[in-house]
Amino acid sequence: MARHVMLNNIAHKDLRVITRHGAEFGDNVGTVLTFPTEYGDVQREYPIFFRKDAQTGEFQSIALLGFQQDENLFLDEHGWNAAYIPGIVARGPFLIGFQNQDIDGELRREPVIHVDLDSPRISHTEGEPVFLPQGGNSRYLDRIGTILQGIHQGLALSKAMFDAFTAASLIEPVNVEIKFSNEEQFNLRGLYTISEERLRGLDGDTLYKLNSAGFLQGAFLVIASLNNVKKLIDMKHRRRRQHAEVAAAS
């Protein structure tokens, strides 16, 4: 059960956050949300797909981590093995909330940092300090602020990007079918990607508009990221061999 409160350096002066990764922190998941603002980093490690939000029906971006709902192939007993961890994970127990603030006589809803005090990452004895002894922000909290800003900007950018992709008919459904053995095969449905054929056939005006908005690069990064499906398959094969060796040894 989440317990979100606005972060402040008085009530939370001794707050620490455990930053290591493991299943006990909810990291053993097959997909995580990602955003256009981090596509450049994400595509070097993970396949990027689109899916429709079950509530709104709107497209959202995901990074594929494994072939099952509770399988993160980047996670092992040593932690999360990747050069980049998606922002939605790296933010830890923090999220963006909004507070009404009087700015120059005008009431505005401004983003502020909230924290989930029921997160298993919250501690007072281990992990990264959130505040300095004098009350200022720690380097860790400054980094969290940057991550949250990227998520906030990415959420706003996503809708405009998907509207542009839809208008250009660039989004197409894709099935990811992987067979490791007769007993273990996966068919990941409900995923979408960028149609390379339609992208190549776009007229100059549409290409110009997509490029001017910064969305053309995003389309190419999504396509490039699909090479990481092969990487995931190799990781899955290695894990299956490791499990077989452990079973044989026991």
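Points worth noting:
- Proximal aspartates and glutamates to Lys179, defined as alpha-carbon separation beneath 17 angstrom and excluding residues fewer than eight positions away on the same chain: Glu71, Asp234
- Within a straight-line Cα-Cα reach of under 22 Å, Lys52 can be paired with the following lysines, leaving aside sequence neighbours fewer than 8 residues apart in one chain: Lys159.
- Simple spin-label estimate for Gln153 and Gln99 in nanometres, 7 Å along Cα-Cβ: 2.3
- Neighbourhood net charge (12 Å Cβ-Cβ; Lys/Arg +1, Asp/Glu -1) for Leu148: +1
- Accessible area, probe 1.4 Å, largest first, for residues His243, His12: His243, His12
- Heavy-atom accessible area order for Val89, Val115, largest first, 1.4 Å probe: Val89, Val115
- Leu64, Leu188, reordered so the largest accessible area comes first (probe 1.4 Å): Leu188, Leu64
- Radius of gyration over Kirkwood radius for region 121-200, both on Cα atoms: the Rg/Rh ratio is 1.24.
- Annotation for region 222-246 versus region 184-214: alpha-carbon center distance of 25 Å.
- Rg ratio (alpha-carbon, reference 2.2 N^0.38 Å) - the chain: 1.16
- For the peptides 116-128, 199-211, the ranking by mean Cβ contacts within 10 Å, running from highest to lowest, is 116-128, 199-211.
- Rg followed by Dmax, in Å, when region 171-250 is reduced to its Cα trace: 18.6, 64
- Using C-alpha pairs under 8 Å with a sequence gap of at least 6, the mean separation divided by the residue count of region 144-195 gives a relative contact order of 29 percent.
- Most mobile listed residue (Phe180, Phe35, Phe162) in the chain, GNM with C-alpha springs under 10 Å: Phe180
- Relative to one another, the C-alpha centroids of region 38-57 and region 149-163 are positioned 12 Å apart.
- Note on the chain: with a GNM built from Cα contacts shorter than 10 Å, the maximum mean-square fluctuation among Asp53, Asp27, Asp70 falls on Asp53.
- Restricting the calculation to Cα atoms, region 1-118 yields a radius of gyration followed by a Dmax of 17.0, 53 Å.
- Long-range amide H partners of Asp76 with built H, under 5 Å: Asn81
- Candidates His114, His78, His152, ranked by Gaussian network fluctuation over the chain, Cα under 10 Å, top entry: His78
- Local net charge near Ala63, Cβ-Cβ under 15 Å (Lys/Arg +1, Asp/Glu -1): -1
- Computed from point charges on the beta carbon alone (+1 for Lys and Arg, -1 for Asp and Glu), the dipole magnitude for the chain about its Cα centre is near 340 Debye.
The values are calculated or read from the model by the stated rules, or taken from the named source; none is laboratory data. All figures in this text were calculated on a predicted structure; none of them were measured in a lab. Glycine gets a Cβ as well: all are built from the backbone with ideal geometry, and neighbour counts include every protein chain shown. These accessible areas exclude ligands, DNA and RNA; they are computed on the full protein's heavy atoms, side chains included. Shrake-Rupley method; radii C 1.70, N 1.55, O 1.52, S 1.80 Å.
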